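The structure under discussion appears below in the form of structure tokens.
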Amino acid sequence: MAWLVDTTRREVSRLHSQRECADAKPVAAGKIKGVAFLGVVKLLRSRKDDSFALLRPELHHYLTETVHPSGWYLEAEHAELLKAGSQLFGGSPDRALELMGELAARGHSEIYHELLVGHGSPSRTFAMWTTQHDTGELRRVRETATRMRFELVKFEAASREQCLVLTGYFRGTFAVNGFSDVNVEKLGCKLWGDDSCVWRCSWKRPETGE
């Protein structure tokens, strides 16, 4: 059973469990555009000495060399950067990964403000997935007026870190679009043996304030 994750009462979800499959290594396939993970690179570089110790030597170049926003990089390496970045925060690394997702959503809203904010819908944000990843498709299904399901299908680079970041990213994206009391529930995950990663997002409508 997937437990509820929200901004005020953070229950333990299946992604936070100790199940062996939840800690499976990411599949070494797929690439991500540099612009999508500049945030975690900046975080790691701000604590460079600690980051060198957390990353394997093959990834040290991310701490010293230019990451090109339009370049393509391995999703599996991105997952390792996220894991190292989460260990730089105090407290739970899992909570840190969700926070990194929320901060990424806010950062994207500043860069792509006209595209993402003020339309009363987060759909444009999620359409950006295909511009930043060369594998996977993010689909959305509206279930009710205040509830929507998101399915990440055919994503060949699933990782625990990416899933937790996406949980925070979904929450943050609805928040920057003016929605309140946003809850995110993880329903399925490739790391649990499911066909795809699935989230359910619910909120209160900003225009009614309910």
Spin-label point model (7 Å from Cα, Cβ direction): what's the W72 to D195 distance in nm? 2.7 nm
Short version: ³J(HN,Hα) in whole Hz for each residue of the stretch 58-71, in order, from phi by Karplus 6.51 cos²θ - 1.76 cosθ + 1.60 (θ = phi - 60°), x for Gly and Pro, what are they? 5, 9, 5, 5, 5, 8, 10, 9, 5, 9, 7, x, 8, x
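Mind giving me the FRET efficiency for D49 and A29? R0 is 30 Å, r the Cβ-Cβ distance, nearest 0.05 is fine.
Using R0 = 30 Å, I get an efficiency of 0.40.
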Total formal charge among the other residues, if their Cβ is under 9 angstrom from that of Y62, Lys/Arg +1 and Asp/Glu -1: -1
Under 23 Å between alpha carbons, and skipping anything fewer than 8 positions from K48 in its own chain: which lysines qualify? K33, K83
So, R0 is 35 Å and r is the distance between the beta-carbons of D134 and F89; what FRET efficiency does that work out to, to 0.05? 0.75
Quick check: net charge around Y73, other residues with Cβ under 9 Å of its Cβ, Lys/Arg +1 and Asp/Glu -1? 0
Phi-derived 3J(HN,Hα) across the stretch 37-45 with the Karplus relation (6.51, -1.76, 1.60, θ = phi - 60°), rounded Hz, x for Gly and Pro, is 10, 4, x, 5, 5, 4, 4, 4, 6
Around V153 (Cβ within 9 Å, Cβ-to-Cβ, excluding V153; K/R +1, D/E -1) the net charge comes to -1
Which of the lysines could a cross-linker bridge to K204, judged by Cα under 27 Å and excluding same-chain residues fewer than eight apart? K186
Additional length obtainable on full extension of the chain from T144 to L187, 0.36 nm per residue less Cα span: 13.8 nm
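We did not get these values from a lab; they are worked out from the coordinates using the rules stated. No experiment lies behind these values; they were computed from the predicted model shown. Note: ideal-geometry Cβ built from the backbone for every residue, glycine included; neighbour counts use all protein chains shown.
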